[in-house]
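To keep things clear, I will list the structure first and then write my remarks on it.
The values are calculated or read from the model by the stated rules, or taken from the named source; none is laboratory data. The shown structure was predicted, so the numbers you read here are calculated from the model rather than taken from an experiment. Here the Cβ positions follow ideal geometry from the backbone for every residue, glycine too, while neighbour counts run over all protein chains shown.
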Amino acid sequence: MSSYNDAPDTSSPPPSPKKQSAKKSSGKMSDAQKAQLNKHMEKHKKAGMSASEMKSHRMKMMSRMRKGMSVAKAHSDIKKSSK
């Protein structure tokens, strides 16, 4: 006869669920981050950046800042990725 058993195997524990990553991603920006971004964008506006360039830059900045980057770090990351 066969040694087939219908009972579940209890010798090994079930795999644990994956832990959340340590990234700080809430999906929304804080009021302080919004103020910093507005100040940053005002500098670019005074420097003569076009409206379409400003929108693109702002969206890139926002996506990085939502992940927890500072304005300076996000800006340098954008400059690096565009080269």
Checklist entry - Which of the residues spanning segment 23-59 are modelled with pLDDT of 95 or more and within 14 Å of the chain's Cα centre (by Cα)? => result MET59
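Only residues that are among the hydrophobic types (A, V, I, L, M, F, W, C) and exposed (fewer than 15 other Cβ atoms within 10 Å of the Cβ): list them for segment 32-61, please.
Just the residues of segment 32-61 that are among the hydrophobic types (A, V, I, L, M, F, W, C), to begin with: 32, 35, 37, 41, 47, 49, 51, 54, 59, 61.
Residues satisfying the conditions are ALA32, ALA35, ALA47, ALA51, MET54, MET59.
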Item to check | Options MET49, MET54: the member that is in contact with a His (Cβ under 8 Å, 6 or more places away or on another chain), in a loop (DSSP other than H, G, I, E, B) and of a type in the set (A, V, I, L, M) | outcome: MET49
Checklist entry - Restricting attention to segment 68-83, which residues are under 17 Å from LYS34 (Cβ atoms) and either in contact with a strand residue (DSSP E or B) (Cβ under 7 Å, 6 or more places away or on another chain) or surrounded by 14 or more Cβ atoms within 10 Å (Cβ to Cβ) (or both)? => result GLY68, MET69, VAL71, ALA74, HIS75
